[in-house]
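Q: Have a look at the structure that comes next, please.
Only the coordinates and a few stated rules stand behind these numbers; no lab work does. Since the model is a prediction, treat every value here as computed from it, not as a measurement. Glycine gets a Cβ as well: all are built from the backbone with ideal geometry, and neighbour counts include every protein chain shown.
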Amino acid sequence: MARVQLFDVAIARSGDKGDGSNVGIKARTPELYEFLRENLTTAVVKDHFKEICFGDVKRYELPNLQVLNFILEDSLGGGGTETLIMDAQGKVHSLALLHMEMDIPDALLA
Amino acid sequence: MSQDKTVLIANGQGFWGDSLLGPLRLVEEGPLDYLTLDYLAEVTMSIMQKQKLRNPSAGYATDFVEMLRQILPTCQKKGIKVIANAGGVNPKGCLEAIQSVVKELGMTGIKIGIVEGDDILDQIPELMASGEKFKNLDNGAAVDSILDKMSSANVYIGAKPIVDALAQGADIVVTGRSTDPSLVVAPLIHEFGWSMEDFDKLAAGTVMGHILECGAQCTGGNYNDWRNVPDFARIGYPVVEAKADGTFVVTKHEGTGGLVNVDTVTSQLMYELGDPVNYLGPDCTSDFTTIKLEQDGENRVRVSGVKGSAPTPTYKVSMSYEDGYKIVGQLTYTGPDAIEKANLGASILFERVGMYGKPIPEADRFVELFGTNVCYKGIVKQEQEPSEVLLRVGAKSHDKKLLNILARELAPLITSGPVGVTGFAAGRPRPTEIVGYWPALIDKTKVTTRVIVEEV
C-alpha cells in the first residue's frame, strides 16, 4: 500500500450544472478504475467536499471510458449566474477532488 | 454515396468571448468543410434581449459578424460553410448585418440562412393558457413567481431546421438558441442523408458535438497533464473527420500546437456531463456509456460504437429573469496579520454602509479572502499565515443605490482603516444585474421553427 494523491492515478474535469457542479474523474488504468469504483464512493466524495458541497452527491459509472461522474448538488454558493464566489462555475472542483489522498495497493501503481 | 466520403467539421468558438484566432486559423491552416461556432451561454439571451430593447436592430452576436468579415473570402474560395448560434434574439438583424458585410466585401453568390422560432418570450401567456407549466426543471418551482420579471425565454431547438437551410444551399447558417451539438449534427445529416429516425447516427453526431463544443478543451486545453501539451500559444482547434457510418476521428490541423489523445478527448466528454446513459437532446437521447475511443496515430482519436434512442416529446427551454443586483470589490491586504486586517476591513465597510441609514442584511453580505484556499475550502490546509490576501467583499440586493454606497465606501478603507492595503488599481466596482436562470420544458408540438435563406 502507498498513500498517494489521486493526481497520481487519475485525471479529472469539472463544470457547472445549475447550482451544483459535475466532476468527472478518469482512472489511468482499467485496474485503477476498478479500485476507484470500489473505493471512491459518494460518501467519501461528500466528506471530501464537506465545506464546498451542501447538497447530495450522485455518482454515475462509465466503464467504457474508465470514468466516474459525480454530481455535487448545491456547491456553487447559489448557482452560476447568482453566486459571488471566485470559483463560480466549479471549474477547479476537478483539481479539488484530485487532492484527495488514498491508500492504493502497490501493484496498481506500477 | 461512397462509404469513403469524409466530411471535415471544426469548432472555432467554444463560448462567446473565445479567441478570435480560433476561426481565423482554422480556415487558413488546413482543409475544412464546415466551421461551427458556439456563441451562447445561459445568460447570453437575457443580455441580448436588453440590447434589442434599446435598439431594435441589435440583439445578436456582433463580434460574429465582424469575424465573418475576416474569413468570408477564404471560406468562399475553399467552399467552407459556416454554422453558428450567433443570432441571439434577433437572427433577422444578424442576417441583415451579414448581408451588409458581404456587399462591403464586394462578394456575390453567398447564400445566408437563418433559423427562427426558438424565441418564445412573447408567447408565454398563450402557451400557459394552452397548458404549458414551465415548472423549474431543477427544483420543481412554479413559474408564476418570475413571470413579471422574465427577460428571455428560448427553446433549445434541434438540427432539422439547420438541415433545411443547408438543403436550400445556404453557405452560412445562423440560429438563435439551438443546442451546441445540433450545429454539428445538421451538416452530418445533410451530407450523409441520415434519417431523423436513425438514432445511433444522431447520437454519434451528438457525441461529436459534445467533444467539439468547447473548442480547444478537447485538444489539450484545460487538461491535467498540461506539461505534455506542446505549443499552447498556437493550440489547434478541433477538427473531426466524419464518416457516413457514424464513426469519426478527432484531430487538429497539421503543424498546430496542442495535443489530441484519448485522455484529452475523455476530459471533454466528462465536461458538464449529467446522467451518461440518458444524455437528452432535441433529436435523440445518447448513451455515453457506449462510446469507444482509441488512439489512431499521432493527434488522432477514433470514436465509434455510439448508441442512441428516440428523443423525449419535450424541448428544453432556457428562461432568464431579473433577480436584483450584485457587486464585488477588491482590496489587497498585506501582512503581518493580513487575514485579521482584511476581515476587520470588511466589517468596517458594512458598518459604514449602515451609517447611511440602511444596513445590508447579514444574509446578503459576501466576504471571501482569496489566498486562504477558498477554491479548495476544507480540502487543502493553510500551512501558515499568508503574507498577503485579496479581500473580495460585496453584496446582493434589489436596491442598486445601496450597492453604490458600498462601492464608494471601499476605497476610503485605504486611508481610514487598518494598515497594509494596496491594489486598488481596478477602480470602483459597479453593481451588475443578477440574471436568474430558469430551465423548463415545452411540448415539441407547440414550437414552430422557420427557415429563411437569402442570396447576396
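Q: Relative contact order of the stretch B:319-438: what whole-number percent is it, with Cα pairs under 8 angstrom and at least 6 residues apart?
A: 49 percent
Q: As a footprinting exposure proxy, order B:Ser347, A:Ser14 by other Cβ within 10 Å, with the fewest listed first.
A: So the residues, fewest neighbours to most, are B:Ser347, A:Ser14.
Q: List the GluC sites (Glu not before Pro) within the stretch B:189-237 that fall in a DSSP loop (any state other than H, G, I, E or B) and whose Cβ has at most 13 other Cβ atoms within 10 Å.
A: B:Glu197
Q: Next up: Taking the stretch B:341-440, which GluC sites (Glu not before Pro) meet the DSSP loop condition and have no more than 14 other C-beta atoms within 10 Å?
A: Passing both the DSSP loop test and the Cβ count: B:Glu383.
Q: Still on this structure, I have one more. Taking 8 Å as the Cα distance limit and 6 or more residues as the minimum spacing, I'd like the relative contact order of chain B as a percentage.
A: So the answer I get is 18 percent.
Q: Need one value for B:416-424: mean number of C-beta atoms belonging to other chains within 10 Å of its residues' C-beta atoms.
A: Per residue, the average neighbour count from other chains is 0.
Q: For a quick check: sort B:Ile360, B:Ile9 by the number of other beta carbons within 10 angstrom, fewest at the front.
A: By the 10 Å Cβ count, ascending: B:Ile360, B:Ile9.
Q: With a cap of 16 neighbouring Cβ atoms within 10 Å, and only residues DSSP puts in a loop, list the chymotrypsin sites (Phe, Trp or Tyr not before Pro) found in the stretch B:364-456.
A: Within the stretch B:364-456, the qualifying chymotrypsin sites (Phe, Trp or Tyr not before Pro) (loop, at most 16 other Cβ atoms within 10 Å) are B:Phe424.
Q: Could I ask something else about it? Fewest to most neighbouring Cβ within 10 Å: what's the order for B:Trp438, B:Trp226?
A: Ranking B:Trp438, B:Trp226 by Cβ neighbours within 10 Å, fewest first, gives B:Trp226, B:Trp438.
Q: In addition: Quick check: residue separation of B:Glu454 and B:Ala41 times 0.36 nm, minus the Cα distance between them. What number comes out in nm?
A: 145.9 nm
Q: Sticking with this one: Using the alpha-carbon atoms, what tilt in degrees (0 to 90, nearest 10) does helix A:30-39 show relative to the longest principal axis of chain A?
A: With rounding to tens, the tilt is 60 degrees.
Q: Using Cα-Cα distances under 8 Å and only pairs 6 or more residues apart, what relative contact order does chain A have, in percent?
A: Relative contact order here is 40 percent.
Q: Something else: Excluding B:Tyr271 itself, calculate the net charge of residues whose Cβ lies under 11 Å from the Cβ of B:Tyr271, where each Lys or Arg counts +1 and each Asp or Glu counts -1.
A: 0
Q: Related question: If I take R0 = 51 Å and measure r between the Cβ atoms of A:Ala2 and B:Lys78 in this structure, what FRET efficiency does the formula 1/(1 + (r/R0)^6) give, to the nearest 0.05?
A: It comes out at approximately 0.40.
Q: Report ³J(HN,Hα) in whole Hz for each residue of the stretch B:182-196, in order, from the Karplus equation J = 6.51 cos²θ - 1.76 cosθ + 1.60 where θ = phi - 60°; Gly and Pro get x.
A: Working through the residues one at a time gives 4, 4, 9, 5, 4, x, 5, 4, 5, 6, 9, x, 4, 7, 6 Hz.
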